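Peer 1: One structure is given below, represented as structure tokens, and several questions about it will come after.
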Amino acid sequence: MACSWSEKILQLLRQMNNFYLAGSCRSSCSRFEIDGAQVGWIPPHLVSLLTRYPDVFSPPHGGAVSLHRSLDSYGRRSEAVDRVLQALRREASLSCLKGWRDEKYSVMPTFSDPPLMWMERAATSLFGVKRYGVHINGYTVSGSGEVSMWLARRSHTKQTYPGLLDNMAAGGLAAGVGIKHTLIKECQEEACVPAAIAEKARPVATVSYTYEDEEGVFAESQFVFDLELPPEFKPRIGDGEVHEFYLLPIDKVKELLATDDFKPNSALVVLDFLIRHSFIEPDTEPCYQEFVVGLHQTL
């Protein structure tokens, strides 16, 4: 069992970092640059579509696609790119734009840099723009020290990964919104966790990975928080994004990680929890180092 469990986890990590593997689209992607700084990767099929908008995107040069020189401010860049995306959305040839959300995500080289523009969330994978989110591990500790974790079953009508297991609460980081604010909002909206409890969550890690699929390049980094909940507390379904909550012993959670029942990036967040809380140890897990490396890749 142990060996096959480890192999399944390695497969998950390879899948979530497949952009770094030989044979990925990385070698044929163009760098997406703004003001000389790389902010993403553009797959070849999109590069050819963007050449139709020369007043917004300069022709590919030296392996990079840049925004036109005249777009020299946050507002101008954001509005010009949004006009292009709205036009491409009407053509309906890019499947990811069917999931348009009217959510603005910040575009910048690294998280600590000032944003250079905003972009519609559904389009970020087309440009391989780094996306950030917040994930909350909700867990309890019994009087005898047994750890159990609250997992959410996603609603069967969710746009992405319907019906799969997930962290107790999680959400993307919208442009201009803080991390702690997002955490408290998602806890309240998804799991009815009062702010007074949610703000006790501790920032513990980031989990970063980059994968490609038919919709583009997903370069993601999740800010991870641990929230120890009172044993008597039960999350409740809030905004309808969750079908049900389960409180499961940590051994059961570990077992579920190696199944197809888990949303893949949330499985990585739980794997990180298991490592940090010593439920996975280097003496007994031969793939310990591969696990740690696979959870902390950079764009």
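Peer 1: Using only alpha-carbon positions, what ratio does the radius of gyration of segment 2-146 give when scaled by 2.2 N^0.38 Å?
Peer 2: On the way: Rg = 18.9 Å, N = 145, 2.2 N^0.38 = 14.6 Å.
Normalised by 2.2 N^0.38 Å, the Cα Rg of segment 2-146 equals 1.30.
Peer 1: Let me ask something else. Taking H placed 1.01 Å from N in the peptide plane, check which residues at least 5 places from GLU212 or on another chain put their amide H under 5 Å from its amide H.
Peer 2: ASN18, PHE19, PHE218
Peer 1: Moving on to the next point. Rank by packing, highest mean first: peptides 263-272, 33-42, with packing defined as the count of other Cβ atoms within 10 Å averaged across residues.
Peer 2: Going by the mean number of other Cβ atoms within 10 Å, highest first, we get 263-272, 33-42.
Peer 1: Now for a separate question. Nearest 10 degrees is fine. How inclined is helix 74-91 to the longest principal axis of the chain, computing both from alpha carbons?
Peer 2: 90 degrees
Peer 1: Another one. Among the listed pairs LYS98/LYS254; LYS158/LYS185; LYS98/LYS158, give every one whose C-alpha distance is greater than 24 Å.
Peer 2: Listed pairs above 24 Å: LYS98/LYS254.
Peer 1: Tabulate in residue order the Karplus-calculated ³J(HN,Hα) for segment 121-137, using 6.51 cos²θ - 1.76 cosθ + 1.60 with θ = phi - 60°, rounded to whole Hz; enter x for Gly and Pro.
Peer 2: So the Karplus estimates, Gly and Pro as x, are 3, 5, 8, 4, 6, 5, 9, x, 6, 5, 10, 10, x, 10, 10, 10, 7 Hz.
Peer 1: Say R0 is 22 Å: what FRET efficiency, to the nearest 0.05, do SER73 and GLU103 get from their beta-carbon distance?
Peer 2: 0.55
Peer 1: Then there's this: Rounded to the nearest 0.05, what FRET efficiency do LYS158 and ARG14 give with R0 = 35 Å and r taken as the Cβ-Cβ distance? Could you check?
Peer 2: Approximately 0.90, to the nearest 0.05.
Peer 1: Please sort by residue number the trypsin sites (Lys or Arg not before Pro) in segment 203-299 whose DSSP state is loop and whose Cβ has at most 13 other Cβ atoms within 10 Å.
Peer 2: The qualifying sites are ARG236.
Peer 1: Between ASP283 and SER4, what length in nm is gained on full extension when 0.36 nm per residue of separation is reduced by their alpha carbon distance? Kindly include the intermediate steps, with their values, before the conclusion.
Peer 2: Working: separation 279, 0.36 × 279 = 100.44 nm, distance 1.72 nm.
Here the segment from ASP283 to SER4 would lengthen by 98.7 nm.
Peer 1: Which whole-Hz couplings ³J(HN,Hα) result when phi for each residue of segment 208-216 is put into the Karplus expression 6.51 cos²θ - 1.76 cosθ + 1.60, θ = phi - 60°, listed in order with x for Gly and Pro?
Peer 2: So the J values, rounded to whole Hz, are 10, 6, 9, 10, 10, 8, 5, 9, x.
Peer 1: Hey, with R₀ at 25 Å, roughly what FRET efficiency would VAL293 and ALA64 work out to, going by the Cβ-Cβ distance, to 0.05?
Peer 2: For R0 = 25 Å, the calculated efficiency reads 0.30.
Peer 1: Turning to a different aspect of this structure: Given a cut-off of 31 Å, name the pairs among LYS180/LYS252; LYS104/LYS200; LYS104/LYS252 whose C-alpha atoms lie farther apart than that in the structure shown.
Peer 2: LYS104/LYS252
Peer 1: Could you work out the local net charge near TYR288, counting Lys and Arg as +1, Asp and Glu as -1, over the other residues with Cβ closer than 13 Å to its Cβ?
Peer 2: Every neighbour counted, the sum reads -4.
Peer 1: Run the numbers on the chain and let me know its relative contact order in percent, using alpha-carbon pairs under 8 Å that are six or more apart.
Peer 2: 20 percent
Peer 1: Determine the shape class of segment 66-140: with a ≥ b ≥ c the square roots of the Cα gyration tensor eigenvalues, call it rounded for a/c under 1.5, and otherwise prolate if a/b is greater than b/c, oblate otherwise.
Peer 2: Values: a/c = 2.72, a/b = 1.30, b/c = 2.10.
Oblate shape, in that a/c is at least 1.5 and b/c is the bigger or equal ratio.
Peer 1: Can you list residues from other chains, or at least 5 along the same chain, whose modelled amide H is less than 5 Å from the amide H of VAL39?
Peer 2: Amide H neighbours of VAL39, under 5 Å, 5+ apart: PHE32, GLU33, ILE34.
Peer 1: What do you get for GluC sites (Glu not before Pro) in segment 213-255 restricted to DSSP loop and a cutoff of at most 16 other Cβ within 10 Å of the site's Cβ?
Peer 2: The qualifying sites are GLU214, GLU215, GLU232.
Peer 1: Pulled fully out, how much extra length does the chain show between GLU189 and GLU232, if you take 0.36 nm times their separation in residues and subtract their Cα-Cα distance?
Peer 2: Once the chain is fully extended between GLU189 and GLU232, it gains 13.5 nm.
Peer 1: Based on the mean of other Cβ atoms within 10 Å per residue, sort peptides 48-56, 192-200 so the most packed one is first.
Peer 2: Packing proxy ranking, top to bottom: 192-200, 48-56.
Peer 1: Under the definition of Cα pairs under 8 Å and six or more residues apart, what whole-number percent is the relative contact order of segment 25-129?
Peer 2: Details: 160 pairs, mean separation 28.4, N = 105.
Result for segment 25-129 is 27 percent.
Peer 1: If you compute semi-axes √(5λ) of the Cα gyration tensor in Å for the structure shown, which of (1) 39, 19, 17; (2) 36, 22, 16; (3) 29, 23, 17 do you land on?
Peer 2: It is the one labelled (2).
Peer 1: Rounded to whole Hz and in sequence order, give me ³J(HN,Hα) for segment 267-276 from the Karplus expression 6.51 cos²θ - 1.76 cosθ + 1.60, θ = phi - 60°, writing x for Gly and Pro.
Peer 2: Using θ = phi - 60°, the values come out as 4, 5, 5, 5, 4, 4, 4, 4, 5, 5 Hz.
Peer 1: Using modelled backbone amide H atoms (1.01 Å from N, in-plane), which distant-in-sequence or interchain residues come within less than 5 Å of HIS296's amide H?
Peer 2: SER208
Peer 1: Which value in deg cm²/dmol, rounded to the nearest 500, describes the helix-derived mean residue ellipticity at 222 nm for the chain, given -39,500 (n - 2.57) per DSSP H run of n ≥ 4 and division by the residue count?
Peer 2: Using -39500 (n - 2.57) per qualifying helix, the result is -8500 deg cm²/dmol.
Bear in mind that the values in this text are calculations on the coordinates, not laboratory data. All figures in this text were calculated on a predicted structure; none of them were measured in a lab. Please note: Cβ atoms are built from the backbone with ideal geometry, for glycine as well, and neighbour counts cover all protein chains shown.
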